[in-house]
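Every read-out reported here was derived from the displayed coordinates using simple, explicitly stated rules and does not represent laboratory data. These figures come from a predicted structure and were not determined experimentally. Cβ placement follows ideal geometry from the backbone for every residue including glycine, while neighbour counts extend to all protein chains displayed.
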Amino acid sequence: MSGRVIVITSGKGGVGKTTASANIGVALASTGVSVALVDMDIGLRNLDILMGLENRVVYNLVDVVEERCKLRQALVKDKKLPNLSLLPAAQTRDKSAVNAEQMKALCGELKSMYDFVLVDSPAGIEQGFQNAVAGADEAIVITTPEMSAVRDADRIIGLLEARKDEIKEYRLVLNRYRPTMVANNDMMSVDDVLEILSVKLLGVVPEDEDIIISTNKGEPISGTDNIRAGLAYRNIARRIRGEDVAIMDLESKNSTWINKIVSFFNPTVRV
Amino acid sequence: MQMQIFNWLFPAKGDDVRSTAKDRMRSMLTHDRLELPAGRLETLEEELMAVVGRYFELDKDTTHFDLQQYERRASLIANFRLLRSKC
C-alpha cells in the first residue's frame, strides 16, 4: 500500500489547525479508508485531547524515532473508528527532538500501513514546520479570513511553492467563516481571500460554537450530523478523496429578511 | 435621511471595511512576496519620474504607478501621460 501524506499547516497559531486535523481525520476515516493522524507539535501536544484519547497515550512519536518502542506500539486507536489511529507528539521534548530525515522515514513507514497520513504541523515557519512538511506529498493550508492569518498563510504558501518537487498539491481551508459579517461587508469573503492568495479552495468551515463543545467532549464534530461545521469537514474529506462536492451555501441560512430586501435592490451585495 | 437609506441600499464600492481589508491585504502581500521595504516603491516612482521628465513634460496628475499581482507574481505598471517632448 502507498498512502497519501498530507500536512496540515497554517503559519499562524490559533486558526484551528489541530481542530481541522482531528475533524478531517475522523471524516476521512468515516468514508472507510484507513487514516493515521500524526501530531508533530512536539512539546505542545493537543491532538490527543481533541480526539478524546489523552488517557490512552503510552508512547509517542519521539519514542518511535529514538527506537524506544515499535511504531505500532505508539499508535493509539480511535474509540469509535477502528481504521483511525493517532501518533501522539511528545509532551516533554521540543521541536529539535526529530529531524527532517527521521520524519521522512516515519512518513514512509506510515504510508505503507495507511491510506492517508495526516500530519498536524506546529505553528510557525521554523524547524517544527520544516520537519512536519518533510515527508508530505500534499498540504492543506488553514486560515481564517482575518488579515494576520491570511498574511501568514501567504508566507506558508510561498514556502510550499519552494518545495514543489515534493509537495505536489496544496489547497486552502477557510476556517471560522462568518457569512453575516461578509454580507455586511465587514469581513473578506471566500472569493476575496482566494483572489488575494491565488490558491485552490478545499473547503470553507463556518464559525460554530459547537466546535468548542465537541473539543470539550473529545469528540470531533465531523462525526456529528446536523452541524454545519461537521458537514463542512465531511465535504472536505470527500474532496480529498477526489469527489466533486460543491462548496455549501453558507449564506442562505444566515440571511435575514433585511438582507433579502437589500439583495433584491442590490444584487451585488452578497447575502 | 433619504440619502442615508440610498447609501445603505447601494453602498459605494470601496467604502466598506471589507474592501479596506482587501486593499490593505493585497498591498501588504505584494510587499511581503517581493521583500520590498516600505517607501522603496515611492522612491522608484520619484526617480523614474525624474528620468522620464528629462525627456518629456509630464502630466503628473494622471501618472499612474502601481504594482499588480497575477497568480502570485508581481508586475510593475507605470503609465506616464506625456504632454510634449523636451528638446
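Counting only residues at least eight positions apart within a chain, or on another chain, the aspartates and glutamates with an alpha carbon under 20 Å from that of B:Lys60 are B:Glu42, B:Glu45, B:Glu46, B:Glu47. Helical runs (DSSP H, four residues minimum) scored at -39500 (n - 2.57) apiece and divided by the length of chain A put the mean residue ellipticity at 222 nm at -11500 deg cm²/dmol.
Counting Lys and Arg as +1 and Asp and Glu as -1 over every other residue whose Cβ lies under 9 Å from the Cβ of A:Gly158, the net charge comes to 0. By a straight-distance test (C-alpha under 23 Å), which lysines pair with A:Lys17 as possible cross-link partners, with residues fewer than eight away in the same chain excluded? Counting by Cα, and skipping residues close in sequence, A:Lys17 has these lysines nearby: A:Lys77, A:Lys79, A:Lys80, A:Lys95, A:Lys104, A:Lys111, A:Lys164, A:Lys168, A:Lys200, A:Lys217. Full extension of the segment from A:Gln73 to A:Leu44, taken as 0.36 nm per residue of separation minus the current Cα-Cα distance, would add 8.3 nm. Values of log10 I(q)/I(0) for region A:4-265 across q = 0.10, 0.17 Å⁻¹ run -0.47, -1.33, by the Debye formula with one identical scatterer at each alpha carbon and no solvent.
Of all DSSP-defined beta bridges confined to region A:4-265, some 5% are antiparallel rather than parallel. Residues A:Glu207, A:Glu126, B:Glu45, arranged from fewest to most other Cβ atoms within 10 angstrom of their Cβ, appear as A:Glu126, B:Glu45, A:Glu207.
If you build a Gaussian network model of chain A, linking Cα atoms that sit under 10 Å apart, which residue out of A:Thr92, A:Thr19, A:Thr224 swings the most? Highest fluctuation among the options: A:Thr92.
Provide A:Ser30, A:Ser10, A:Ser85 in ascending order of the number of other Cβ atoms located within 10 Å of each residue's Cβ, fewest first. Please list the in-between numbers first.
Numbers: A:Ser30 19, A:Ser10 27, A:Ser85 24.
With the sparsest Cβ surroundings first, the list reads A:Ser30, A:Ser85, A:Ser10.
Quick one: A:Ser21, A:Ser222, fewest Cβ neighbours within 10 Å first, how do they rank? Intermediate results must be reported in sequence, preceding the final value.
Details: A:Ser21 31, A:Ser222 27.
Ordered from fewest to most neighbouring Cβ atoms within 10 Å, A:Ser21, A:Ser222 come out as A:Ser222, A:Ser21.
What does the C-alpha gyration tensor say about the overall shape of region A:1-141? Classify as rounded when a/c is under 1.5, otherwise prolate if a/b is larger than b/c, or oblate. Rounded. Take every DSSP beta bridge whose two residues both sit in region A:138-248; close to 0 percent of them are antiparallel. Derived scalar couplings between HN and Hα for region A:191-205 equal 5, 4, 5, 5, 5, 5, 8, 6, 9, 7, 9, 9, x, 10, 10 Hz in order, rounded to whole Hz, by the Karplus curve 6.51 cos²θ - 1.76 cosθ + 1.60 (θ = phi - 60°), x for Gly and Pro.
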